[in-house]
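Notes for the one structure printed next.
The values are calculated or read from the model by the stated rules, or taken from the named source; none is laboratory data. Bear in mind that the values here come from a model prediction, so they are computed numbers and not experimental data. A quick note on method: Cβ atoms are made from the backbone with ideal geometry, for glycine too, and the neighbour counts reach across all protein chains shown.
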Amino acid sequence: MPNIQNILKKVISYYLPPIYVVKKARTEGGQDARLVAYADKHSYLAEQYKVLRTNLYSLSPQAPFKTIVITSTQSQEGKTVTSCNLSYTLALDTEKKTLLIDTDLRRPTVHKLLGISRKPGISDILNGETALEDLIKKPVLGNLYVIPSGTLISSPTEFLSSAKLKEVINKLKSKFDYIVFDTPPVINVTDSCILGSICDAVLLVVREGTTPKNMVEECFTMLRHAQAKPKACILTDTTVPAYYSYLGRYRYYYKYKYRLQRR
Ligand SMILES: Nc1ncnc2c1ncn2[C@@H]1O[C@H](COP(=O)(O)OP(=O)(O)O)[C@@H](O)[C@H]1O
Ligand SMILES: [Mg+2]
């Protein structure tokens, strides 16, 4: 049995108030406001993604994870929102090139969050007509590169376990410092187990108050059976602890600093 207690110590929590999403649906560049690390850079939420980035480094300081799978037990737990925000936050380091690939080929939504086109994308490597370089998009998000899901295909699992995809991922590994994969839920389909088996780390998104604990344990077991390496959980939809209220002041500090810079 995996030692869940130890794993859960690595939880990173953050809270995305729904009201925020309603208030400002899209940024000027067309990105969804839930891409909060970009849309509201100096917010408490954006800081939490930096905490996540730091904790990710500290999980393996000697050999940082290069290929990272984001998954969860079920749908609607925050995988895509987490994948996009984490990728953007990793890409803030201008010395590191980060690639986000939408490998949720069943319900792809990365392109919607980033305000880019779904096609061409990763599934289009199958027809061999589009060059790999043409699949890599660079939205106006710093050092972040993205490959969306591409043309819908009838057999995503077979595609994800194909030698062709492995070859492409190996090529991409030589070009990027980080590759983040957004994937479907573990319980429903085997896609994330397959990808997990060829990647350095799997991070399991757990939605507070929604994801049952026994399903988290089951997912860890399923991932381990598939030779994937589950490393930590990311807790989503949590409430902000009261002692964080000082962050209100922290935010003002940023605003103040900006005003000074603009003068
Ligand atoms: N940290 C969070 N806190 C609160 N709600 C969240 C959080 N992350 C995502 N959500 C919301 O949960 C829903 C599902 O998010 P999404 O990333 O699409 O989930 P998944 O990819 O797991 O299906 C969306 O409505 C999104 O706004
Ligand atoms: Mg999703």
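The residue list Ser83, Ser123, Ser117, Ser87 contains one member that is in contact (Cβ under 8 Å) with a residue 24 or more places away in the chain, part of a loop (DSSP other than H, G, I, E, B) and of a type in the set (Gly, Ala, Ser), which is Ser117. Looking across region 126-136 at every residue that is part of a loop (DSSP other than H, G, I, E, B) and out of contact with any Pro (no Cβ under 8 Å at 6 or more places or on another chain), the one that is surrounded by the most Cβ atoms within 10 Å (Cβ to Cβ) is identified as Ile136.
When Lys50 is tested against (1) part of a loop (DSSP other than H, G, I, E, B); (2) out of contact with any Asp or Glu (no Cβ under 6 Å at 6 or more places or on another chain), just one condition goes unmet, and that condition is (1).
Summed over region 20-75, the residues that are at pLDDT below 90 and within 14 Å of ligand 1 (Cβ to nearest atom) give a count of 25.
Residue-by-condition table, conditions (1) out of contact with any Lys or Arg (no Cβ under 8 Å at 6 or more places or on another chain); (2) under 20 Å from Ser72 (Cβ atoms); (3) touching a residue at least 24 places away in the same chain (Cβ under 8 Å):
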position	(1), (2), (3)
Leu144	no, no, yes
Thr157	yes, yes, yes
Cys199	no, yes, yes
Glu208	yes, yes, yes
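The single condition among (1) touching a Leu at 6+ places or on another chain (Cβ under 6 Å); (2) of a type outside the set (A, V, I, L, M, F, W, C); (3) more than 22 Å from Ser197 (Cα to Cα) that Lys97 does not meet is (1).
Residue-level check: of (1) within 15 Å of ligand 1 (Cβ to nearest atom); (2) among the hydroxyl-bearing types (Ser, Thr, Tyr); (3) more than 16 Å from Ser162 (Cβ to Cβ), Thr103 misses just (3). Does region 87-99 include one or more residues that are within 16 Å of ligand 2 (Cβ to nearest atom), in contact with a Lys or Arg (Cβ under 9 Å, 6 or more places away or on another chain) and closer than 21 Å to Pro185 by Cα? No, the conditions are met nowhere in region 87-99. Looking at region 155-162, is at least one residue within 16 Å of ligand 1 (Cβ to nearest atom), part of a helix (DSSP H, G or I) and crowded, with 18+ Cβ neighbours inside 10 Å? The answer is yes, given that some residue of region 155-162 is within 16 Å of ligand 1 (Cβ to nearest atom), part of a helix (DSSP H, G or I) and crowded, with 18+ Cβ neighbours inside 10 Å.
Taking the criterion of being more than 16 Å from ligand 2 (Cβ to nearest atom) and assigned to a strand (DSSP E or B), the only residue of region 61-80 that qualifies is Thr67.
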